[in-house]
Amino acid sequence: ICGPTAVGKTGVAIEIAEWLGAEIISFDSRQFFKELKIGAAPPDEKELQRVKHHFIAQLSITNDFSAGDFEEQALLQLKKLSEKYQNTVLVGGSGLYMKALAEGFDNLPEVEPAIREQLNKEFSEYGLESLQKELHEKDPAYFNQVDRQNPQRLIRALEIIRSTGQAFSNLRKGQKIKRDFNTVKIGLDLPRPELYERINLRVDKMMKDGLIDEAKNLLPYRHKNALQTVGYKELFNYFDGKYDLATAISEIKKNSRRYAKRQLTWFRKDPDIKWFNTHQLAEIKDYLQSVL
């Protein structure tokens, strides 16, 4: 179950998991980290009690956890769950992590941690434009495909380029790995005005719940990939004196809307995704009954 931020994926996933008698694996890359209790919008305690979730708040922000790491660990978790259940529900908004589990990745070379650290440092000091410029120069083919607003994607490509001296696009074969399970993909969407209103209300709730204090406590780790994201980077700019608070909140809402559009662009490219309005729970169940 995939879709843009704030569309209502968690609620639908829980309903479907209860209906199927299944557990849930999250592929939301920020919800892996236990320190992001507010900004990552993980399921709340009541939701976690309804259905057992995996890959929620299991790591510290001090740990690096790539899509490749997720692929490896989630496959092991799926295997365990398949011994108990006929189905498992996966839910999230991180398209790369969904792809990692459902289709696998090319066998790319290992990268020295120092290269990644240097790139993170450069991003922190010089911003997104420096990464974009280098990737455009060294691998224009991938530059034209990648989400250029996503620092994680840019850093991943550049670390491979710096490590191997080859274009990242030359090393990506893009061949799907045959899994020993069947995948049914459900996409959730809403009319734009409703989705954007939900995003705005969620941001207001996060501020009320203490997002400022959460971001302040995470300042020492601001270079981490999970914090180069909407909700945190704007508040870091507020702490640095670049924004006043009202501007920071406005930027969080605006950038959340932009992020939702980028997520939808990513997911719309996948022809295997069957799309529903978030409120069409009965129709989703009917569809699943026909294909499972």
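See the values below:
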read-out	value
Surface share of carbon and sulfur [accessible, 1.4 angstrom probe, percent] for the chain	47 percent
Relative packing of peptides 226-239, 36-49, 267-280 - highest average C-beta neighbours within 10 Å first	226-239, 36-49, 267-280
Selection from 8, 33, 21, by position along the positive dipole direction of region 1-44 (Cβ)	33
Distance from region 229-256 to region 178-208 (C-alpha centre basis), Å	21 Å
Förster radius 35 Å - calculated FRET efficiency between residue 15 and residue 213, Cβ distance, rounded to 0.05	0.60
28 Å Cα-Cα threshold exceeded, pairs from 52/121; 9/99; 185/261; 79/261	52/121; 79/261
Ellipticity estimate at 222 nm from DSSP helix runs (n ≥ 4, -39,500 (n - 2.57)) divided over the chain, nearest 500	-16500 deg cm²/dmol
Prolate/oblate/rounded call for region 97-246, Cα gyration tensor, a/c under 1.5 rounded	oblate
Kyte-Doolittle mean at least -1.0 and Cα axial length at least 15 Å: DSSP H helices in the chain	9-20, 67-82, 151-164, 245-268, 281-291
Mean separation of Cα contacts under 8 Å, 6 or more apart, over the residue count of region 1-160: relative contact order %	25 percent
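The values are calculated or read from the model by the stated rules, or taken from the named source; none is laboratory data. Here the structure is a predicted model, which means the values were calculated and not measured. FYI the Cβ positions are ideal-geometry reconstructions off the backbone, even for glycines, and counts take in every protein chain you see. Heads up: the accessible areas ignore ligands, DNA and RNA and are worked out on the full protein's heavy atoms, side chains in. Shrake-Rupley method; radii C 1.70, N 1.55, O 1.52, S 1.80 Å.
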